[in-house]
Amino acid sequence: MRLPLLLISSVATLAACTATVRDTTPVRTATTGVSAIEVPAIAHPQGETADWWYRSGAARAAANGAMGGRAKNVIVFLGDGMSLTTVAAARILDGQRKGRPGEENQLAWETFPATALSKTYNTDAQTPDSAGTMSAIATGVKTFMGSISVGPASHNDDCAGSLRHHNLTWLELAQSAGMATGIVSTARLTHATPAATYAHVPTRGWENDSELPREAVEQGCHDIARQLIETPFGGPVVALGGGLDEFVANTIADPGNPDQHGKRTDGRNLVAEWLAAHPQGAFVRTAQQLRDAADAPRLLGLFAGSHMDFDHDRDDSPQGQPSLAEMTRAAIRTLSQDPDGYVLLVEGARIDMANHYGNAFRALDDTLAMSRAVQAAVDATSADDTLILVTADHSHTLNFVGYPVRGNPILGKVRGKSSFDGTPGKLAKDGTGLPYTTLGYANGPGYTGASASQPAGSKRFPHPGKGYNAANGRPDLTGIDTTQPDYMQEATVPMSNESHGGEDVGIWARGPGSDAVRGSVEQNVIYHFIVQATPKLRERLCAAGTCNNDGVPVELPAIDAFVPTAH
Ligand SMILES: [Zn+2]
C-alpha cells in the first residue's frame, strides 16, 4: 500500500509546481478560432481559488464555442430546486391535464435545441444550497453554502473578510455595459437566488438590517434589501417579486394586512427611497397595478410581504398577485425598450419550497407555472438575438418509482404494467401487500409516523413535521386520493423540512450561443456561457483588461473597476 501512496503524492507535487498544466476539463477544438485556455492543475479543494474557478469556467465555455455567440439579450430562468425528476413528473402532469397519457408531452424548454448537465456542489458542500449555487451562476465562481456572491476565500458571518471578496455578477456587468437589467421571482426579492444577482453578503439570512449582527454593521456590511436600492451599479430597471416587509420599517403596516408590519429596525422605507430616486418609476402591489404600469420606464413590484403564493393558492383576481408568466411578459416589455439590450433573471422560486414541504402537487404545479413563463419569453423574443437559458440551482429528493402503466396518473398510486409489481393492470403492492404512489420523497415532513400536529398515517399539507414518533409500518392508501393537492407523499426519513439532493440538474438553451451548452459542466460555467455569448458583456470585461489575446474573459474581474462613473 505504501508505494502507490507515495506515487500519488509525488504526482500531486509535480502538478502543483507546473502552473500551466491543464486540469482534467476536456477541451474540444473550438470552432470560433479561440485557442485552448490553459488552466493550472490544482489540489482539490485547497487550490480552488476564485481566480481558478473563473479561469476554468471560462476555459470550458470557450472550448464549447460560446465565443461564437452574438446575443443582444439574455434571459435566465432558474427553477429553484427543479430536479430532473421534478421536470419529468411535471411534464406528465401537464400532458395529463390536457387529457393525454402525458409521457409524450414537452415543457416549454424541452423543445430547445441545446442541453447540458450542471454539477451543483458548493465549494464546502456535496449537496448545495441556493445561495452558493446562484452565486456560481451569477459570478462565474463557485463558492460556499450560504454565500451571496462572495468568493470562496470568505465564509459565513465573515463580514470584514467578505468585503474583499465581492465578485462581479452578470447583472452588475450588464449595468456597467449600459444594458438594461431585470429580476423577477416568486420569492422575496431578497431571497438567495435573486439576491445573488445584485447583493454581496457572506450570510444569506441578512435580508434586512435587523438580521445583521452588530459587529457586521460596524464592519460596514449592508443588508440585502438595502443593496438592491443602494447598489452603485444603479439597480435593476425591473424588479418584481415578493418581500415588501424587508424593505419597510417595523413601524409601517402592510396596506393589504394591517396586522403585518415591515421588518426593518433602521426606520427606513426603501420603497419610498426608490420612488424618490426614480420619479418616473412605478411601484406596484397588485396584478392590476402591474397592468396599469405598462408604460412605466422602471418597475418595482412587491406583491407580498414575504414570498408570493404558490400558483395553486394564488389570488388571480386584479387585486391579487400576477402569475410568473405575467411578470415575465411585463419585464420583457419594459426591458426591450432599451436599444442596448438587456439581461433578465426569472426565478420559479417556490418549486423548491413545495419540495421542502413534501408536497409534490405544488412542486409540479409551480413547475408548470414556470413553463408558461418560459413560453411567454419564447413568444416575446427572437431566437436570432435573445439567448434563453433554463436551469435549476440544485436537486431535491423526489423519487419516481415502480412500473406504472403508460398514462397512469403521475400523482396517483402505481397501477402496474409489469409483473415485477404483481398483477398487470391492478394496483401494485409493496412487500406487505399495500399500494404505493409513483412519487415519494427520501426524507421530509411526509414521514407517516405520528407527529406533534398530525396522527400516524398519510400527512396533509401543510405539515410542520415536528415531534415525530417512529412509524409502525406503512399506511394503507387504498381509500386515499393521492392526487388531491394537499396529499403529502410518503417520506422515508422523518425531517421537518425535506432536503435538497446532490445530483446534477439540467440546462436547456435557445438562441445565440446556445450551441455551446452541452456536456457535463460545473455550474459556474453558466456565467461564462452568458458573458462569452453576449458581445456587450465580454467587451466590457475586455475593456477592463481581463481578457486573453483571443478576447476571452479569463481573469477574475475586480468589481470596483465596473462601477459606472456618475454622470
Ligand atoms: Zn431549498
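Computing Rg and the Kirkwood Rh from the Cα coordinates of segment 432-567 gives a ratio, Rg/Rh, of 1.28. Go ahead and collect, in residue order, the members of segment 177-212 whose backbone nitrogen is under 16 Å from a label point 7 Å along the Cα-Cβ direction of CYS542. Inside the label zone: 177.
Net charge within 9 Å of ARG474 by Cβ-Cβ distance, Lys/Arg positive one each and Asp/Glu negative one each, not counting ARG474 itself? So the surrounding residues net to -3.
Is any residue of segment 301-345 close enough, with backbone N under 19 Å, to a label point placed 7 angstrom from the Cα of ASP254 along the Cα-Cβ axis, and if so, which? Label zone hits: 301-324. Between ARG214 and GLN46, the contour length at 0.36 nm per residue exceeds the Cα-Cα span by 57.3 nm. Toward the positive end of the charge dipole of segment 398-498, with +1 on the Cβ of Lys and Arg and -1 on the Cβ of Asp and Glu, the farthest Cα among SER496, PRO409, GLN454 is that of PRO409.
Neighbour counts of other C-beta atoms within 10 Å: give me TYR357, TYR441, TYR121 arranged from fewest to most.
TYR121, TYR357, TYR441
With semi-axes defined as the square roots of five times the eigenvalues of the C-alpha gyration tensor, the equivalent ellipsoid of segment 178-222 measures 23, 13, 7 Å, largest first. In summary, the convex hull built on the alpha carbon positions of segment 38-85 has an orientation-averaged projected area of 5.7 nm².
Cα centroids of segment 106-175 and segment 238-275: 27 Å apart. For the chain, the membrane-span-like helix rule (DSSP H, alpha carbon extent of at least 24 Å along the helix axis, mean Kyte-Doolittle at least -1.0) picks out 360-380; this says nothing about an actual membrane.
The Cα center of segment 316-343 and the Cα center of segment 216-231 differ in position by 27 Å. Per residue, the chain reaches -8000 deg cm²/dmol at 222 nm when only DSSP H runs of four or more residues are counted, each adding -39500 (n - 2.57). Look at LEU368, LEU302 and count the other Cβ atoms within 10 Å of each Cβ; fewest to most, that gives LEU368, LEU302. At q = 0.23 Å⁻¹, what base-10 log of I(q)/I(0) does the Debye formula yield for segment 398-498 when every alpha carbon is treated as an equal point scatterer in vacuo? Scattering profile of segment 398-498, log10 relative to I(0): -1.19. Only Lys, Arg, Asp and Glu carry charge here, each on its Cβ (+1 for the first two, -1 for the last two); on that basis the chain has a dipole of about 1380 debye about its Cα centre. Each distinct pair of alpha carbons in the chain adds a 1/r term; the inverse of their mean, the Kirkwood radius, is 24.6 Å.
Say the cut-off is 30 Å between C-alpha atoms; which of LYS98/LYS426; LYS119/LYS263; LYS417/LYS459; LYS98/LYS413; LYS98/LYS466; LYS142/LYS459 go over it? In this structure, LYS119/LYS263; LYS98/LYS466; LYS142/LYS459 exceed 30 Å between Cα atoms.
In units of the rule-of-thumb radius 2.2 N^0.38 Å, segment 300-426 shows an alpha carbon radius of gyration of 1.36.
So how strong a dipole does segment 345-389 carry about its Cα centre when Lys and Arg Cβ are +1 and Asp and Glu Cβ are -1, to the nearest 20 debye?
Its charge dipole is roughly 240 debye.
When the charge dipole of the chain is built from unit charges on Cβ atoms (+1 for Lys and Arg, -1 for Asp and Glu) and taken about the Cα centre, the candidate among THR482, PRO445, PRO512 whose Cα reaches farthest toward its positive end is THR482. When each of the peptides 135-144, 269-278 is scored by the mean number of other C-beta atoms lying within 10 Å of its residues, the order from highest to lowest reads 135-144, 269-278. Normalising the average separation of contacting C-alpha pairs (under 8 angstrom, six or more residues apart) by the number of residues puts the relative contact order of segment 438-567 at 20 percent.
Computed 3J(HN,Hα) for segment 201-207, one whole-Hz value per residue from the Karplus formula 6.51 cos²θ - 1.76 cosθ + 1.60 where θ = phi - 60°, is 9, x, 9, 4, x, 7, 7, glycine and proline marked x. Extension gain, GLN126 to ILE480: 0.36 nm times the residue separation minus the Cα-Cα distance gives 123.8 nm.
Sequence-distant contacts, meaning Cα pairs under 8 Å at least 6 residues apart, place the relative contact order of the chain at 23 percent. Footprinting exposure proxy ranking of SER499, SER176, SER149, fewest other C-beta atoms within 10 angstrom first, gives SER499, SER176, SER149. Placing R0 at 51 angstrom, the Cβ-Cβ distance between ALA153 and ARG100 gives a FRET efficiency of 0.50 after rounding to 0.05.
Only alpha carbons enter this Debye calculation for segment 71-168, each as an equal point scatterer, and the log10 of I(q)/I(0) it gives at q = 0.20, 0.23, 0.25 Å⁻¹ is -0.98, -1.13, -1.23.
Using the eigenvalues of the Cα gyration tensor, what equivalent ellipsoid semi-axes result for segment 325-364 when each is taken as the square root of five times the eigenvalue, whole Å, largest first?
Equivalent-ellipsoid dimensions as semi-axes: 31, 9, 5 Å.
Coordinate-derived values only; no laboratory data. Note that the coordinates shown come from a computational prediction; the quantities given were computed from them, not determined experimentally. Glycine gets a Cβ as well: all are built from the backbone with ideal geometry, and neighbour counts include every protein chain shown.
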